[in-house]
Amino acid sequence: MANALVFIDNPGAALKKSSLELLTLARKLGETAVAINGELTDDVAATLGAYGVATIYQPSVEDLDDYLVAPKAGYLAAAVAASGATAVLIENSPEGKEIAGRLGIKLNAGVITDVVGLDADGTAHKSVLAGSYNTTAKATTPVSVFSVKANIVETEPAGAATAPTTAKVEVPADAAANAARISSRTEKPASGRPDLSEARIVVAGGRGVDGDFGPLEELADALGAAVGASRAATDAGWIGHDAQVGQTGVTVSPQLYISAGISGAIQQKAGMQTSKVIVAINKDAESPVFEIADFGIIGDLFKVVPQATAEIKKR
Ligand code: FAD
């Protein structure tokens, strides 16, 4: 009987790093099953085997993506019943957190969000107040639902690979009854850069870029990084709102966060202060961003950033 169930939504051709992190953590809790939504390719199945997954569940219906999250919670509730899982691990994205909440209600399960660590007994370490503190929490219900932040664990395949069995899960007929159906979508052109929320390196710009993200994009591409922004930059229309890091944007926790032309307001810090290493570039030596920076460069970003890019490209 599975102890942990990991939800993997639309993996595409290969599993995202955040999914591999969930699988790595789940193994600590015991036998792992996966509930997948979307196509299960041979490569994805092989990777799941490499991560020690015992069972892969798939929904009996193919239209879960035609709705907002409610039917996915219905699917997961059915997958928990099928697997006997006592822990469910979901990505800590806005959608993941909504699914976790809905699933918690369906299963009468304790829900712990913003998880940054999990012990074998199901004790969770949870980031609170935008990463200012970590707390420890354990649900007292038979099933626990965890939404887990990205970049909190090194991904690690299992010692011995498994050959997972696959099984269909009957999605309750009423799962979509009261759900909002998506009427249209706007596809974002692919940037070729990693997902902001799970990138290992983020290069972020603020009002100081003065409308020109070009130098930051070049640095990001040299480093294989995602591009982020302060709200001042997104509000000015210099970059899309999906690049906004902060209290009302994306929360990131990369290995390296390069902040350029950002003053470090509390709402910006809320989204990036758990980054492992913070490098700040700002021409104002008194800027509050230097209070949270591990390395500070006082200077004009239009001089500093191209120099850094040129140096990195030489290596
Ligand atoms: P500024 O504060 O204007 O700072 C620009 C910095 O660039 C300055 O420090 C300046 O010295 C430096 N600079 C200028 N030119 C150069 C140059 N050539 N080279 C180097 N440095 C230069 N903000 C967010 O970021 N994310 C959020 O999610 C968010 N949510 C919010 C929610 C609420 C409810 C509210 C009220 C505010 C929120 N904000 C958020 C806005 C936040 O308060 C700040 O206004 C915003 O973060 C400021 O952006 P900034 O640092 O780019 O701009």
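Bear in mind these aren't lab numbers, they're just calculated from the coordinates by the rules spelled out. These numbers come from a predicted model, not from an experiment. Note that we place each Cβ from the backbone using ideal geometry, even for glycine, and neighbour counts take in every protein chain shown.
About its Cα centre, how strong a charge dipole does the stretch 66-198 have in debye, to the nearest 20, once Lys and Arg get +1 and Asp and Glu get -1 at the Cβ?
In total the dipole reaches around 300 debye.
Would you grab the residues whose amide H sits under 5 Å from the one on residue 35? Only those 5+ places off in sequence or on another chain, please, with H modelled 1.01 Å from N.
Those qualifying (amide H under 5 Å, at least 5 residues apart or on another chain) are 6, 7, 8, 57.
Assign one of three labels to the stretch 20-128, namely rounded, prolate or oblate, based on the Cα gyration tensor with a ≥ b ≥ c the square roots of its eigenvalues; rounded applies when a/c is under 1.5, prolate when it is not and a/b is larger than b/c, and oblate otherwise.
Oblate is the answer for the stretch 20-128, as a/c is 1.5 or above yet b/c matches or exceeds a/b.
Pairs of Cα atoms under 8 Å, at least six residues apart: use those to get the relative contact order of the chain, whole percent.
Worked out over the chain, it gives 15 percent.
Provide the packing ranking of 142-150, 249-257, 306-314, i.e. peptides ordered by the mean count of other C-beta atoms within 10 Å per residue, highest first.
In descending order of packing, they fall as 142-150, 249-257, 306-314.
Where is the GNM fluctuation largest for the chain (alpha-carbon springs, 10 angstrom cutoff): 266, 90, 112?
With Cα springs under 10 Å in the chain, the top fluctuation among 266, 90, 112 is at 266.
What are the principal axis extents of the Cα atoms in the stretch 83-161, in Å, biggest first?
Computed over the Cα atoms, the extents are 36, 34, 24 Å.
Counting only residues 5 or more places away or on other chains, whose amide H sits under 5 Å from the amide H of residue 277 once H atoms are built in the peptide plane?
Amide H neighbours of residue 277, under 5 Å, 5+ apart: 256, 257.
Beyond a 20 Å Cα-Cα separation, which of these cross-linked pairs lie in this structure: 188/303; 138/276; 16/269; 28/126; 17/149; 106/126?
188/303; 138/276; 16/269; 106/126, as the Cα separations exceed 20 Å there.
Using the number of other C-beta atoms within 10 angstrom as an exposure proxy, rank 55, 165 with the fewest first.
165, 55
Would you order 289, 277, 203 from fewest to most other beta-carbon atoms within 10 Å of each residue's own beta-carbon?
Result, fewest neighbours first: 277, 289, 203.
Step through the residues of the stretch 3-15 one at a time and calculate ³J(HN,Hα) from phi using the Karplus curve (6.51 cos²θ - 1.76 cosθ + 1.60, θ = phi - 60°), rounding each to whole Hz and writing x for Gly and Pro.
9, 10, 10, 9, 8, 10, 9, 6, x, x, 6, 9, 6
Charges only on Cβ, +1 for Lys and Arg, -1 for Asp and Glu: so what's the dipole of the chain about the Cα centre, in debye to the nearest 20?
Value, rounded to 20: 460 debye.
For the stretch 1-87, give the magnitude of the charge dipole about the Cα centre (Cβ charges: +1 Lys/Arg, -1 Asp/Glu; no others), in debye to the nearest 20.
Computed about the Cα centre, the dipole is about 480 debye.
Could you tell me which of rounded, prolate or oblate describes the stretch 60-115, using a ≥ b ≥ c as the square roots of the eigenvalues of the alpha-carbon gyration tensor, with rounded for a/c under 1.5 and, failing that, prolate when a/b is larger than b/c and oblate otherwise?
oblate
Calculate one ³J(HN,Hα) per residue across the stretch 133-146 by plugging θ = phi - 60° into the Karplus curve 6.51 cos²θ - 1.76 cosθ + 1.60, and present them in order as whole Hz with x for glycine and proline.
So the J values, rounded to whole Hz, are 9, 10, 10, 10, 9, 9, 6, 9, 8, x, 10, 10, 10, 10.
Relative to a virtual label point 7 Å from the Cα of residue 315 in the Cα→beta-carbon direction, which members of the stretch 200-218 show backbone nitrogen distances below 18 Å?
200-204, 216-218
What FRET efficiency comes out for the pair residue 158/residue 180, r = Cβ-Cβ distance, R0 = 41 Å, nearest 0.05?
Calculated value: 0.60.
Two decimals, Cα atoms only, Kirkwood Rh: what is Rg/Rh over the chain?
Rounded to two decimals, Rg/Rh equals 1.00.
Sort 172-182, 228-238 for me by packing, meaning the mean count of neighbouring Cβ atoms within 10 Å per residue, highest on top.
Ranking the peptides 172-182, 228-238 by packing returns 228-238, 172-182.
With 10 angstrom as the radius, rank 19, 184 by how many other C-beta atoms surround their C-beta, starting from the fewest.
By the 10 Å Cβ count, ascending, the order reads 184, 19.
If you take all C-alpha pairs in the stretch 1-52, what percent of them are over 18 Å apart?
19 percent
Which FRET efficiency value, to the nearest 0.05, do you get for residue 121 and residue 165 by plugging their Cβ-Cβ distance into 1/(1 + (r/R0)^6) with R0 = 22 Å?
0.20
Which shape class, rounded, prolate or oblate, goes with the stretch 164-273 when its Cα gyration tensor gives a ≥ b ≥ c as root eigenvalues, a/c under 1.5 marks rounded, and past that a/b bigger than b/c marks prolate?
prolate
Using the Cβ atoms and a cut-off under 10 Å, what net charge is assigned to the surroundings of residue 194, where Lys and Arg are +1 and Asp and Glu are -1?
Within the 10 Å Cβ shell, the charges total +2.
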